[in-house]
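Contents: one structure, followed by commentary.
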């Protein structure tokens, strides 16, 4: 990106403090932040959730929620302080001078208005165009944002758009009145990696041509470094480091930045050290798993024969009936089409693909939560379809457990952490009350949570802590297989790294076998041994992790690899 | 959209049949001999008995009787009152005033409820919001006949602003006080619903995005907060028309309004079961049609519904 050499900064944030009133308490979300953006420059603000990066952005555009306010410092836009300006002065800036591309494309369009109408509003409100001219301009803007068939799309409602298309519409909206500064607040974190890359490429190109300065907010350091020339790292409301992207990546100063650089999966996946670490984990896990297999083969109470391939999936197919063009017609949709793979004891097989590729449907069929249309799932030599008796089914559930994507939705908010983890033990009637409590303590210890969380409720825990609870719950019955369906996708990069490490440690210690479903190839290298790449319900590539990373056969796999942010940046030691 | 309308229309058929079935069963379960009832509880000869049974299909199988009952309901053939007047004529005479009363109450409910609810929602936790909540709670907790009698006494008798009762020659002015009384309980709930809905929408992501586009506060509220908030409110108000009709029985009796509620009340007092059933069946018809209308308005307000 070519920064225009202009001596006066477009945006200057000086010693900004933003506070929130929560009851009688005053919480400081942004604490003395400094930031400078020149015309045409792209500056990325990097930080975890709760670091104050979004609050900073909302302060700049004057959209802090009702209980938040600027309590110190100033925000100079083109030399004028907007932190203390009148409301109508800030309103005049919004849209016309400062644009916003919000975070979640699903919730940021009004579901009741046509997409075109919503973009037209921005044109009319900022006096750019009116009437038929505005309608014409809307189509141009949508085309510019990379939406094909823009004229028809402008007349559609948001629910007829996919996530990526909505985000394009939001970009068109943010740039409609040609602002000088565009605030992009995690514009792609709700999207698939490949869509993310397309959208960001397009945004880059657009803002470059238009000469718009961009304030890019993200939690992914790799992505930030790839897209911005200047980085600002925020931690707990403070700017802890700022400077040129490459300098920060290669020579981080602050301990938090160091941690980010060393463990963000997008960056870590490039390192050879992560492969070596994985090899060690696997060796240990396979050994432990073999001991367990020997036990299982002699045991009466456990399902299975102690085979090497603990899960064998053959020609698995799932066909859904969808509503056709006419109300009484239906169309067959093959969500999963002839998928076969083997999961070896003590190893991890990753299933990678974009949303809609059928990877989660595979997981649900392996878990016996969804009956396959055809094909078989064998668990340790037993066909799932033959498990008719209640005892057999209970045994299957004991030996195979899931961890789901969203730790906010997968824990019952009215159950205490203790109740959540102990529930499977109660259901399967394991041990006495005392033994159960001891087991819960042990599990919390395994997932590195203090036992004091037992009496707390999910609402009081952070996303990473909740995912640890979900893992502890999955391990409560000492399963042999754990199915992780996007288990780290909803988490911040650093938390992702921690959870991946935890999963690795547990695998080595307990000899677990993982089926790891993800849309993000970046995390695969740290956790998986084999990879299945899925597209439109079919397996397009299946081999070992190193083979896929170093020598991808399919163009689609290559595209997924290219989409890992920061992949092309040379790193320091 | 047309598929949605067609589906909704088809759905009203089982709803209507189900409702008539319940009414029919209630009718059959009522104690006493229908023929004796018909003859005013005097002994009747076998010939008269047979003739009446044939006339009213009382010897047919129950299923056939039910179909006959449903058919009569659809063709608005409700039989006659004890006085020999066709029940449909009675309905024709009394229904208009009830409709006017209900629509007036509905209008008061919608206009005041939505306006006050919106103001309360926009200024959440302000003094207006707090007092609106307290007042609506008060109104919700007082039964409608108490409100009716008190207002009749205060405005009709003591202050003499309006006539305390309506009587046979009604007009809109006379109906104002009863309409307010009828609206009060629903109106309190409309305020609360609108308030919650507006407050919730005000913090929605897309509203923030609308502000970021540079829209003025008024535009944001009109185009992005109000319309979204109205979806649940409209449903509630529409369904309410049913309870307004039910409430009409009490209000019409208090204010002596010659409406359908009053007619039903008189019929109940006289023990004219067949008239009561006819009126109730007619009300069921109206109610089914109203919910159909609400569903259609719902689809106009929310494009997502049209594709369900």
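Output yes when any residue across segment B:70-82 is farther than 30 Å from residue B:175 by Cβ, more than 28 Å from the chain's Cα centre (by Cα) and modelled with pLDDT under 80, and no when none is. Looking through segment B:70-82, none of the residues is farther than 30 Å from residue B:175 by Cβ, more than 28 Å from the chain's Cα centre (by Cα) and modelled with pLDDT under 80. Residue B:173 satisfies every condition listed in (1) in contact with a helix residue (DSSP H, G or I) (Cβ under 8 Å, 6 or more places away or on another chain); (2) without any contact (Cβ under 8 Å) to a residue 12 or more places away in the chain except (1). Taken over segment A:218-230, the criterion of being surrounded by fewer than 24 Cβ atoms within 10 Å (Cβ to Cβ) and within 19 Å of residue A:497 (Cβ to Cβ) is satisfied by A:219, A:226.
Checking each residue in segment A:162-180 for being surrounded by 24 or more Cβ atoms within 10 Å (Cβ to Cβ) and outside any loop (DSSP other than H, G, I, E, B) picks out A:167, A:168, A:169, A:170, A:171, A:172, A:173, A:174.
Quick one: which of A:144, A:140 is more than 9 Å from chain B (Cβ to nearest Cβ) and touching a residue at least 60 places away in the same chain (Cβ under 8 Å)? First the steps, then the outcome.
Working: A:140 fails: touching a residue at least 60 places away in the same chain (Cβ under 8 Å).
Going through A:144, A:140 in turn, the sole match is A:144.
Of the residues making up segment A:95-125, those that are touching a strand residue (DSSP E or B) at 6+ places or on another chain (Cβ under 9 Å), more than 7 Å from chain B (Cβ to nearest Cβ) and under 18 Å from residue A:165 (Cβ atoms) are A:101, A:103.
Scanning segment A:190-210 for residues being touching a strand residue (DSSP E or B) at 6+ places or on another chain (Cβ under 7 Å) and without any contact (Cβ under 8 Å) to a residue 40 or more places away in the chain gives a total of 0. Would it be correct to say that residue B:194 is surrounded by fewer than 18 Cβ atoms within 10 Å (Cβ to Cβ), at pLDDT 85 or above and more than 14 Å from chain A (Cβ to nearest Cβ)? It is false that residue B:194 is surrounded by fewer than 18 Cβ atoms within 10 Å (Cβ to Cβ), at pLDDT 85 or above and more than 14 Å from chain A (Cβ to nearest Cβ). Looking only at segment B:226-257, residues that are closer than 17 Å to residue B:193 by Cβ and either crowded, with 24+ Cβ neighbours inside 10 Å or touching a residue at least 40 places away in the same chain (Cβ under 8 Å) (or both) come to 17 in all.
For segment B:245-257, indicate whether the set of residues that are touching a strand residue (DSSP E or B) at 6+ places or on another chain (Cβ under 9 Å) and away from chain A (no Cβ under 14 Å) is non-empty. The answer is no, given that none of the residues of segment B:245-257 is touching a strand residue (DSSP E or B) at 6+ places or on another chain (Cβ under 9 Å) and away from chain A (no Cβ under 14 Å).
Restricting attention to segment A:80-98, the residues being assigned to a loop (DSSP other than H, G, I, E, B) and on the phi < 0 side of the Ramachandran plot number 7.
The values are calculated or read from the model by the stated rules, or taken from the named source; none is laboratory data. Owing to the predicted nature of the structure, the values given are computational and were not obtained by experimental measurement. In this analysis, Cβ positions are derived from the backbone assuming ideal geometry, glycine residues included, and neighbour counts consider all displayed protein chains.
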